[in-house]
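Engineer: Okay, here's the structure, questions in a sec.
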Amino acid sequence: MLVISLFVCIQQSVERFQTRRKLARLTIQQLNDIGMTKERQYEEISRATIKGLWCDVVLLMKQKGRTL
């Protein structure tokens, strides 16, 4: 059960990682359409690293009540 939960958390974190990478290519108009500021875009893009990916996995595991 722990392994399955870990894989689910990894999958969700990879999806977030990919979405954050795609944010870098959005225009200002597209950012306005989704209600995101340029500053928030930079914050999200800065989390699109391996360290950010790992932090997301750990955070999701903690939210599910599991520890690594």
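Rule-based calculations on the coordinates, nothing more; no lab input. Values in this document were obtained by computation on a predicted structure and should not be read as measured data. Ideal geometry is used to build each Cβ from the backbone, glycine not excepted, and the neighbour counts take in all protein chains shown.
Engineer: Can you pull the one-decimal nm distance between simple spin-label points at Lys64 and Thr49, each 7 Å off the Cα toward Cβ?
Structural biologist: If labels sit at Lys64 and Thr49, their model points lie 2.6 nm apart.
Engineer: Compute log10 of I(q)/I(0) for the chain with the Debye formula, placing one identical point scatterer on every Cα and leaving out solvent, at q = 0.16, 0.24 Å⁻¹, to two decimals.
Structural biologist: Each listed q corresponds, in turn, to -0.59, -0.95.
Engineer: Could you work out how far apart the two model spin labels at Thr27 and Ser5 are, taking each label as a point 7 Å from the Cα in the direction of the beta carbon, and quote it in nm?
Structural biologist: 4.5 nm
Engineer: Shifting gears a bit: Could you name the lysines whose alpha carbon sits less than 25 Å from that of Lys62, not counting residues in the same chain fewer than 8 places away?
Structural biologist: Lys51
Engineer: Can you list the aspartates and glutamates whose alpha carbon sits under 12 Å from that of Lys22, skipping same-chain ones fewer than 8 residues off?
Structural biologist: Glu44
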